[in-house]
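K.L.:
Here it is, the structure in full.
The values are calculated or read from the model by the stated rules, or taken from the named source; none is laboratory data. Because the structure is a prediction, the values reported are computed rather than measured. Every residue, glycine among them, receives a Cβ derived from its backbone with ideal geometry; neighbour counts consider all protein chains shown. What goes into the accessible areas is simple: the full protein's heavy atoms, side chains included, and nothing from ligands, DNA or RNA. Shrake-Rupley method; radii C 1.70, N 1.55, O 1.52, S 1.80 Å.
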Amino acid sequence: MRFDTKIAIVVRSDLAVWQKLNVTAFLASGIAAGIDEVAGKPYEDGSGNRYLEMFRQPVLVYAGSGEELGTVRERAISRGMAAAVYTEEMFSTGDDDANRAVVRAVTASDLVLAGIAVYGPRNAVDKVCRGLALHP
């Protein structure tokens with residue numbers, strides 16, 4: 001099935017594996033919480049156990065340098081696209097309030113991004129992520 005929209009997550013390539021997984025999970029939660037139409041329907045197994053709904057469409061995960069993540073952020077913001085950011089400083093915080101505080105403490109151009117997620121029309125997300133390779 002081909003969707004009109006796309007979800008892309010870009011993680012910084014020099015992070016440790018656990019950091020890449022953590023960043024990806026947090027950024028996916030940002031898209032899930034912030035965009036109503038991305039969730040599918042709840043799951044149920046053959047025994048009648050119910051499970052939470054998940055994204056209704058695939059999520060593409062890319063890797064890039066810190067500079068490339070900054071370019072993705074600039075492109076997404078300039079197009080008015082929905083975006084979630086995870087900054088390097090967030091690895092040292094312990095809660096959501098502290099996460100927001102470290103992001104708010106610096107200007108957009110000074111964010112040290114560990115990852116960024118974007119959601120929008122397929123062709124716009126493709127343009128925002130142009131030049132990036134899928135995570136290996």
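K.L.:
For the chain, set up a GNM with springs between Cα atoms under 10 Å and report which of VAL125, VAL85, VAL102 has the largest fluctuation.
P.N.:
Residue with maximal mean-square fluctuation among VAL125, VAL85, VAL102: VAL102.
K.L.:
Under a 5 Å amide H to amide H cut-off, with H placed in plane at 1.01 Å, what residues pair with HIS135 once short-range neighbours are removed?
P.N.:
VAL61, TYR62, ALA63
K.L.:
Could you work out the percent of alpha carbon pairs in segment 76-121 separated by over 12 Å, rounded to a whole number? Numbers along the way, then the final one.
P.N.:
Numbers: 653 of 1035 pairs.
Of the Cα pairs, 63 percent sit more than 12 Å apart.
K.L.:
Of the residues LEU69, LEU60, LEU52, which exhibits the maximal mean-square fluctuation in a Gaussian network model of the chain defined by a 10 Å Cα contact cut-off?
P.N.:
Checking each option, the largest mean-square fluctuation is seen for LEU52.
K.L.:
Taking the chain as a Gaussian network, where each spring joins two C-alpha atoms under 10 Å apart, which residue of ALA33, ALA124, ALA114 fluctuates the most?
P.N.:
Maximum fluctuation in the GNM of the chain, among the listed residues, is at ALA33.
K.L.:
How much length is gained if the chain between THR107 and ASP36 is pulled fully straight, taking 0.36 nm per residue apart and subtracting their Cα-Cα distance, in nm to one decimal? List each step's numbers first, then the result.
P.N.:
Working: separation 71, 0.36 × 71 = 25.56 nm, distance 2.81 nm.
Between THR107 and ASP36, full extension yields 22.7 nm more.
K.L.:
Quick one: net charge around ARG79, please, counting Lys, Arg +1 and Asp, Glu -1 for every other residue with C-beta under 15 Å from its C-beta.
P.N.:
Values: positive: LYS6, ARG73, ARG75, ARG122, LYS127, ARG130; negative: GLU74, ASP126.
Once all neighbours under 15 Å are counted, the net charge is +4.
K.L.:
A further question on this structure: Going through segment 1-103, which trypsin sites (Lys or Arg not before Pro) have at most 16 other Cβ atoms within 10 Å and a DSSP loop state? Walk me through the numbers before you get to the answer.
P.N.:
Numbers: sites: ARG2, LYS6, ARG12, LYS20, ARG50, ARG56, ARG73, ARG75, ARG79, ARG100; in loops: ARG2, ARG56, ARG79.
Answer by residue number: ARG2, ARG56, ARG79.
K.L.:
Which percent of Cα pairs goes in each bin when the distances of the chain are cut into 10 angstrom slices starting at zero?
P.N.:
The percentages, shortest bin first, are 12, 42, 32, 11, 2, 0.
K.L.:
How charged is the neighbourhood of ALA98? Take every other residue with its Cβ under 13 Å from the Cβ of ALA98, and add Lys/Arg as +1 and Asp/Glu as -1. Provide the component values of the computation, followed by the final result.
P.N.:
Numbers: positive: ARG100, ARG104; negative: GLU89, ASP95, ASP96, ASP97.
Cβ neighbours under 13 Å give a net charge of -2.
K.L.:
So what is the accessible area of the chain per residue, in Å², with the probe set to 1.4 Å? Provide the component values of the computation, followed by the final result.
P.N.:
Numbers: 8100 Å² over 136 residues.
Dividing the accessible area of the chain by its residue count gives 60 Å².
K.L.:
Right, next: Output ³J(HN,Hα) for segment 2-11: one whole-Hz value per residue in order, computed from phi by the Karplus curve 6.51 cos²θ - 1.76 cosθ + 1.60 with θ = phi - 60°, and x for Gly and Pro.
P.N.:
Rounded to whole hertz, the list is 9, 9, 6, 10, 9, 10, 10, 10, 10, 10.
K.L.:
Label points 7 Å out from Cα along the Cβ direction at HIS135 and GLU67: separation in nm?
P.N.:
Taking the two extended label points, one gets 2.3 nm.
K.L.:
Right, here's the next one. Read phi for every residue in segment 15-20 and hand back ³J(HN,Hα) as whole Hz from Karplus 6.51 cos²θ - 1.76 cosθ + 1.60, θ = phi - 60°, with x for Gly and Pro.
P.N.:
So the Karplus estimates, Gly and Pro as x, are 6, 5, 4, 4, 5, 4 Hz.
K.L.:
Per Stokes-Einstein, at 25 °C and 0.890 mPa s, what whole-number D in µm² s⁻¹ belongs to segment 30-91, with the Kirkwood radius over Cα pairs as the hydrodynamic radius? Kindly include the intermediate steps, with their values, before the conclusion.
P.N.:
Numbers: Rh = 14.4 Å.
Rounded to a whole number, D works out at 170 µm²/s.
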